[in-house]
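Heads up: the structure comes next, in structure tokens.
Values quoted throughout were computed directly from the atomic coordinates according to the rules given, and no laboratory measurement underlies them. No experiment lies behind these values; they were computed from the predicted model shown. All Cβ positions, even for glycine, are placed from backbone atoms using ideal geometry, and neighbour counts span all protein chains on display.
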Amino acid sequence: MNQNTAPLTDILENESLITGIRRRFGTPTYVYSADRIRENISGLRQNMTVHLQNSQLLYAVKANMNPVLMQVMLDAEPELGFDCSSPGELKIAREVGGKEAHIIFSGNYESPEDLKYALSAGVPINFDDITSYQRCREIGMPEVISFRVNPGEGKGAFPGIVTAGDDVKFGISREKIGDAYRMAMDDGVKQFGLHTMVGSGILDADYFAWNCDRVLEIATSLEQELGIHFEFIDLGGGFGIPYNENESPLNTEKLFAGVGEITDKYYTADSPTIIYEPGRYLIGDAGFVLTSVTGTKEDEQYYAGLDIGMNQFLRPVLYNAYHRIIPLGKAAHRETRRTQVTGQVCENTDRLARDRALPKLQTGDLCAILDAGAYGFAMASQYNGRPLPAEVLVDGDTVSLIRQRESLDDLTKNVAYPLG
Ligand code: LLP
């Protein structure tokens with residue numbers, strides 16, 4: 001089974017549902033489909049279990065840390081674990097019922113406080129560097145120790161989301177990683193894992209087997225060199241989703257068939273648990289932004305301003321990422337215009353789409369920005385004094401507010417003001 005990547009038409013074409021969400025909760029609002037989350041999880045998990053002897057699926061919480069959505073995932077897949085990059089993510093993962101055995105902490109330049117928090121949660125830690133491990137050792141030792149290897153060139157949908165190869169801040173090189181394990185062995189550590197994460201938004205199924213091959217080659221030679229056995233090999237996330245009609249969905253059946261062949265090649269018996277920790281794939285296409293057109297301008301070009309911009313939907317500006325923008329209701333049938341779609345932020349970089357052929361948008365129209373479930377709300381800020389948007393979950397006929405829109409007062413709630 002491969003991912004159903006059709007837009008969420010059951011929600012988008014249900015006019016009373018959409019206008020109901022606008023009336024009850026206003027815009028901009030992040031809207032999620034519980035059914036799509038369930039489909040994404042069970043499809044991926046099924047392909048994983050068919051092809052891998054011994055595997056574990058973790059959700060990378062950084063993609064979207066709304067606890068209700070994480071609960072939906074956990075209900076769909078009770079064995080689901082969580083990959084957490086900070087104490088905040090770890091706290092939420094535990095609160096929604098993630099079991100310690102299924103949670104991993106993968107930090108970066110972790111502070112003593114971060115490490116103390118992870119240690120007290122009793123979860124394995126993927127150390128980004130030898131110095132991360134040394135910082136942790138001062139505080140305490142986790143039972144299982146894993147290091148992140150930088151296996152060489154990475155891959156990602158944009159240069160900014162490649163996380164291996166030259167000039168990346170992550171991981172330990174092949175030349176140095178043996179020293180890291182040796183140090184831990186000298187400290188008496190007996191249980192080990194290996195971690196890697198080479199990039200995000202990858203749509204090429206074959207790449208995953210290729211990457212698995214080079215990482216297992218490193219793993220098995222480390223095992224021989226050091227006389228250790230890895231309990232797990234965590235191959236990271238990176239599973240892409242198509243953002244435009246020309247891209248094909250990732251073939252996860254082929255992907256795991258390929259990865260399965262590689263793991264069988266290296267481990268005939270006693271295979272380490274193969275872990276994957278996708279974020280985007282599980283939630284990306286399950287969410288969209290419901291937004292209103294707040295104004296239009298006819299100039300040398302045609303501008304349509306939305307009530308969400310780079311402040312609360314950053315991907316188009318940060319990576320030049322493409323997201324489909326769908327006018328809803330009667331707007332869908334108007335003649336098309338080449339449109340500069342912008343937000344309300346006082347920066348000329350605030351563009352959600354440039355020169356996009358769209359039905360001529362008018363003030364008051366509703367639009368959906370698709371595939372906004374991952375790294376959407378998660379990267380939103382209050383820049384330009386805009387309270388954070390609401391989040392809503394659609395589950396069959398039930399529409400629930402899962403995060404209240406912030407109020408203007410929330411903008412100053414943690415400020416020491418007035419002073420004295
Ligand atoms: N594991 C680790 C250690 C990671 O750093 C990441 C993502 C993941 C798992 C999940 O990767 P995914 O399956 O979602 O590709 N903000 C960017 C994506 C940055 C990803 C960073 N690390 C975007 O909007 O495309």
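Note on segment 1-53: Rg/Rh from Cα positions, Kirkwood definition for Rh, rounded to two decimals, is 1.17.
A dipole drawn for segment 98-191 from +1 and -1 charges on Cβ atoms has a positive end, and of 130, 103, 119 the residue lying farthest that way is 103. Considering only 288, 230, 82, the Gaussian network model of the chain with Cα springs below 10 Å gives its largest mean-square fluctuation to 230. Our summary gives the chain a relative contact order of 19 percent, counting only alpha carbon pairs under 8 angstrom and 6 or more residues apart.
Kirkwood radius, segment 35-158, all distinct C-alpha pairs, inverse of mean reciprocal distance: 15.5 Å.
Taking only the C-alpha atoms of the chain, Rg followed by Dmax gives 22.6, 71 Å.
What's log10 of I(q)/I(0) for segment 289-367 at q = 0.13, 0.17, 0.19 Å⁻¹, Debye sum over Cα points only, no solvent? Treating every Cα as an identical point scatterer, log10 I(q)/I(0) equals -0.33, -0.57, -0.72. Amide H contacts of residue 82 (H built 1.01 Å from N, in plane; Pro and chain starts excluded): 59, 103, 104 sit under 5 Å, all sequence-distant by 5 or more or on other chains.
Using only Cα atoms, find the angle between the long axis of helix 34-51 and the longest principal axis of the chain, and express it within 0 to 90 degrees, rounded to the nearest 10. Here the helix axis deviates by roughly 30 degrees.
Extension gain, residue 113 to residue 53, is 17.9 nm, computed as 0.36 nm per intervening residue step minus the present C-alpha separation.
Each Lys and Arg Cβ is given +1 and each Asp and Glu Cβ -1; about its Cα centre, segment 258-402 then shows a dipole of about 560 debye. Using the Cβ-Cβ distance between residue 187 and residue 231 with R0 set to 22 Å, the FRET efficiency from 1/(1 + (r/R0)^6) comes to roughly 0.80. Put a dot 7 Å past the Cα of residue 357, heading toward its Cβ, do the same for residue 294, and the two dots end up 3.0 nm apart.
Only residues of segment 322-363 count here: report those whose backbone N is under 12 Å from the spot 7 Å along Cα→Cβ of residue 248, or say none. Of the residues in segment 322-363, none has backbone N under 12 Å from the label point off residue 248.
Which whole-number percentage describes the relative contact order of segment 56-182, with Cα contacts under 8 Å and a sequence gap of 6 or more? Relative contact order, segment 56-182: 17 percent.
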